[in-house]
Amino acid sequence: MIRGMKQWTTVLALALLSLACRKETSAPPAPKQGAAPPAQTSTAPADLSHTNLNVLIEHRPDVLERSTVGSQVANGAVVTTAATFKPKEPVSLTMWLKESPPELQVAVRWLDAKGKEVAAERKPANGQKVITFTLGKALSRGKYHAEGYWGGNLVADHEFEVK
């Protein structure tokens, strides 16, 4: 009987040991606050998360026809591309979309040279294929860039300078 008890104890000890050594799986780490979403996700940019996006739209690589920044806007679109602006000159980003499915939201993030967000805006596309955002505040001298988002996916990135 003692021999059978020793075998049983050994089997139990080995079972417990194998459970203790089993590798735990965990969820992937949360993205850093303020980081832009990866290009192939349907997650909204972190700084724009105050807007509830109820319908996720999967990214397709050919959703953007073209995009540009400039200060002259006519008929709802930038007409002259520019890379430099005066301090009080308006800065606009226009995106020409190949696709604008129902529930699509588009967004822009205006960032300084260090990647700090200076402004952001999100709005429903409502089936429109030409979307223009205009920065609502004057920028001080320096380098900046505008990031355009289609359904939470980064599709446009333009560098510009205020001189």
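The values are calculated or read from the model by the stated rules, or taken from the named source; none is laboratory data. Since we're looking at a predicted model, the values are computed, not measured. As a convention, Cβ positions derive from the backbone with ideal geometry for all residues, glycine included, and neighbour counts pool all protein chains shown. These accessible areas exclude ligands, DNA and RNA; they are computed on the full protein's heavy atoms, side chains included. Shrake-Rupley method; radii C 1.70, N 1.55, O 1.52, S 1.80 Å.
Computed quantities for the displayed model
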| quantity | calculated |
| --- | --- |
| Summed side-chain charge close to ARG141 - residues other than ARG141 whose Cβ falls under 13 Å, Lys, Arg +1, Asp, Glu -1 | +1 |
| Accessible area of the range 100-153 belonging to carbon and sulfur atoms, whole % at 1.4 Å probe | 48 percent |
| Residues of the range 108-130 with amide N under 13 Å of the 7 Å Cα→Cβ point at TRP96 | 129-130 |
| Residue-normalised accessible area of the range 85-138, expressed per residue, 1.4 Å probe, Å² | 51 Å² |
| Efficiency of FRET between GLU161 and ALA74 - r from beta-carbon atoms, R0 25 angstrom, step 0.05 | 0.60 |
| Rounded accessible area of GLU103 (nearest 10 Å², 1.4 Å probe) | 120 Å² |
| Heavy-atom SASA rank of TYR144, TYR149 (probe 1.4 Å, accessible area, largest first) | TYR144, TYR149 |
